[in-house]
Amino acid sequence: MKLLSFDIESCTGSHNDASLCSFGYVTADEFLNINEQEDLLCNPKPAHFRLRPYSKKRQTEGITLAYSEKVFRRQPKFPGIYPKIKGLFDEADVAVGFSIENDVQFLNNACVEYGLPPVSYKFLDVRQIVELLYGTKYGCGLKTIAENLEIAGDSHRSDEDARVTLEILRFVLKDQSMTLSEFVSAYGIKFGQVNAEGYSNMVSEKGLKAQLDEGRLTRRQKNGVFEEYVKRVCRNLVPVSEKMKGQRISFSDKFVRDCPDEARSFVKAVYLSGGKFDLSGERANLYVRVSSYDDSEKIQKLKTDYPKMKFCTYGEAKNEVGPFETEDFSSFDLKALVRVASRPNRLK
């Protein structure tokens, strides 16, 4: 198995302005023996570099690239390094990245902006692998995880970030006492895919089950599972009464995340009573207040933004739909998680 670990730097952080300025890579075999390492630089399209500054309020570091703007401006435009990049992906069996979704979009956008054929490949996301196995034990970002694992590297130099990503993967495989092929098989990993139509993220059913069992679902995952239940189950229910006919309800996302079984049981009761749930909240005509999640400031904003919307308490809504039991949805959740993780994403 030939591996291509890669990382991309952008001069603006935007996915829609051909801001790719460096493509760093490391090639390796299945046992992570490194064959080649190189940083390919190009002169990005934007007229000005706009890098994220340090923010004391948000506790975020500023971004400093490994080379000066003058160095980048002396390089060829992206089409000059495209053949090398395309060849690397064509020769590799699997690409490896960290938070690879950003790099997928940077690379695709550069191809689109210059009218070049998009690059197709399958990939592993090391950030996702670390999150699935260890949660936030070693941190979240590449730099933090590397420091906690005592892996040295030059941050925001693409080829070094690509190498560090590979070293983190090496740690994972050593910790699991597996080769890469054994790891992929043991954790039921489905590679992420990138093609001209879009991309789908890497999925590990075993990893997702562990997250579910240990209560480590992210906000996005919890909301996604709830959406899956509404779309696949509730919308196919046949009403048994008309108590809520004409009502399109909405309520706090935090209620969904903190009390997922109760929220779904309630929504099911709403559909059985002839009502509907509006996932976006923009077309709802009835907002159900769950007191512990809705303060007066939020309710006032909703009234201002949606003057025709009516409001009721959770207790009033439950009385309207009638008694219902809070169900256990664990048998549904894993399948829904896999579907959420496998959702195709359109490339911009």
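Values in this text are rule-based calculations from the coordinates and carry no lab data. Computed from a predicted structure; not experimentally measured. We place every Cβ from the backbone using ideal geometry, glycine too, and count neighbours over all the protein chains shown.
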| field | C-alpha long axis of helix 296-305 to longest principal axis of the chain, angle in ° | value | 90 degrees
| query | For the Cα atoms of the chain, what angle does the longest principal axis make with the long axis of helix 330-341, in degrees from 0 to 90, nearest 10? | reply | 40 degrees
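For the chain, with only Lys/Arg (+1) and Asp/Glu (-1) charged at the beta-carbon, what is the dipole magnitude about the Cα centre, in debye rounded to 20?
Details: 52 positive and 50 negative charges, 315 e Å.
With only Lys, Arg, Asp and Glu charged at Cβ, the dipole is about 1520 debye.
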| query | If R0 is 51 Å, what FRET efficiency do you get for residue 84 and residue 216 from their C-beta distance, rounded to 0.05? | reply | 0.80
| field | FRET efficiency, residue 291 to residue 326 (Cβ-Cβ, R0 22 Å, nearest 0.05) | value | 0.80
| Which of the peptides 207-214, 224-231 is most tightly packed, and how do the rest follow, going by the mean number of other Cβ atoms within 10 Å of each residue? | 224-231, 207-214
| task | Determine, for the range 265-348, the count of lysine pairs separated by eight or more sequence positions (or lying on different chains) whose alpha-carbon distance falls under 19 Å. | result | 10
| message | Pairs of alpha-carbon atoms within less than 8 angstrom and 6+ residues apart define the contacts here; what relative contact order does the chain have, in percent? | response | 16 percent
| At q = 0.11, 0.12, 0.15 Å⁻¹, what base-10 log of I(q)/I(0) does the Debye formula yield for the chain when every alpha carbon is treated as an equal point scatterer in vacuo? | -0.86, -0.96, -1.19
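Distance cut-off 24 Å, Cα to Cα: go down the list 45/122; 174/222; 137/174 and report the pairs above it.
On the way: 45/122 27 Å; 174/222 31 Å; 137/174 17 Å.
Violating the 24 Å limit, Cα to Cα: 45/122; 174/222.
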| query | When the Cα centres of the range 238-302 and the range 94-130 are compared, how far apart do they sit, in Å? | reply | 38 Å
| request: Compute the distance in nm between two label points, each set 7 Å from the Cα along the Cα-to-Cβ direction, one at residue 235 and one at residue 170. | output: 4.8 nm
| task | Mind checking the range 245-293 for trypsin sites (Lys or Arg not before Pro) that DSSP puts in a loop (not H, G, I, E or B) and that have at most 15 other Cβ atoms within 10 Å? | result | 245, 283
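Grab the beta carbon distance between residue 37 and residue 319, set R0 = 56 Å, and tell me the FRET efficiency rounded to 0.05. Let's see the in-between values first.
Details: r = 66 Å, r/R0 = 1.18.
With R0 = 56 Å, the Cβ-Cβ based efficiency is 0.25.
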| note | Rounded to the nearest 10 degrees, the helix 100-113 long axis (Cα) sits at an angle to the longest Cα principal axis of the chain of 70 degrees
| field | Along each principal axis, Cα extent of the range 219-332, largest first, Å | value | 39, 33, 22
